[in-house]
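Structure first, commentary second.
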Amino acid sequence: MLKLIFPPTCILCGAAGDDGLDLCRGCRADLPVLGVACTRCALPLPDAVLAGAGEDALLCGGCRRKPPPFQRAHAAFRYEQPLPTLVGAFKFRGRLNTLRLLGLLLAEAVADADRPDAIVPVPLHPRRLRQRGYDQALELARVVGRRLDLTVLDAALRTRATPPQSALEAKARKVNLRGAFRVTAELGSAHVAVLDDVVTTASTVGELAGVLRAAGAGRVDVWCVARTP
């Protein structure tokens, strides 16, 4: 009944939505899907690396030199337009319909990934949560969890109000996050998927993954809407 009264409408061009989503077929076809990427951290790689290479060989230089504390990363898209506009709409302007759309697209992208026991969203510091009014990673995790029938585990707390990662260089990002997370739930040896909206240098998800592993998690993967090239 709701779909009859409020039919899906493309949030990018205003045309009728397709397949029950607020996205038309044409705009969906134009989205920058991840494509060839590092199998460990999801960093986009040149198509040329596919020549004569098996999946195990698709590792970026950084992961070859120093593997991150998570096992696999999956991203639905490259962080190219219109992804910055879409992410900014729900992250800074309260457009939760856009958040729901990207959550559904992320769920579709990770549906065939190794199934974790639970999703752990990257937490906001309480101060930033009060300012924004909601935790975008938690809300994304709830959309993905409902679609894939997975538990969303609020297992970590951000203990320091760190400066925004976007304002820092890569090396400073790592230092900025040291000691910023604390595990607040019993993990046993669970396989968990850390979920965030955008992964840039992987410093945030890497720090949280390391803390979760130290707390007993048997395996940590990373799921995100978009990965920065």
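A short reminder: the numbers here are calculations on the coordinates, not readings from a lab. All of these numbers come straight from a predicted model, not from anything done at the bench. Every residue, glycine as well, gets a Cβ built from its backbone with ideal geometry; the counts of neighbours run over all protein chains shown.
List the relative contact order of the chain as a percent without decimals, with contacts defined as Cα pairs under 8 Å and 6+ residues apart.
21
The stretch 178-229: which trypsin sites (Lys or Arg not before Pro) are DSSP loop and have at most 15 other beta-carbon atoms within 10 angstrom? Write down the numbers at each step before the final one.
On the way: sites: ARG178, ARG182, ARG213, ARG219, ARG227; in loops: ARG178.
Sparse-neighbourhood loop trypsin sites (Lys or Arg not before Pro): ARG178.
Of all alpha-carbon pairs in the stretch 40-150, indicate the percentage at a distance above 16 angstrom.
68
List every residue whose amide H lies under 5 Å from the amide H of ALA37, counting only residues 5 or more places away in sequence or on a different chain, with H placed 1.01 Å from N in the peptide plane.
Placed amide hydrogens put LEU45 under 5 Å from ALA37.
Comparing GLN71, GLN131, GLN81, which has the greatest mean-square fluctuation in the GNM of the chain with Cα pairs linked when under 10 Å apart?
With Cα springs under 10 Å in the chain, the top fluctuation among GLN71, GLN131, GLN81 is at GLN131.
With a 10 Å Cβ neighbour count serving as the proxy for reagent exposure, in which order, fewest first, do LYS66, LYS91 appear?
On the way: LYS66 7, LYS91 18.
Fewest-to-most Cβ neighbours within 10 Å comes out as LYS66, LYS91.
Charges at C-beta only: +1 for Lys and Arg, -1 for Asp and Glu. How large is the resulting dipole of the stretch 33-227 about its Cα centre, in Debye rounded to 20?
Once rounded to the nearest 20, the dipole reads 880 debye.
Could you work out the pair-distance distribution P(r) of the chain from its alpha-carbon pairs, with 10 angstrom bin width and percents rounded to whole numbers?
8, 32, 37, 18, 4, 0
Between ARG95 and CYS13, what is the spin-label point distance in nm, taking each point 7 Å from the Cα along the Cα→C-beta axis?
1.6
For the stretch 62-162, which GluC sites (Glu not before Pro) pass both filters: DSSP loop (anything but H, G, I, E, B) and at most 15 other C-beta atoms within 10 Å?
Answer in residue order: GLU80.
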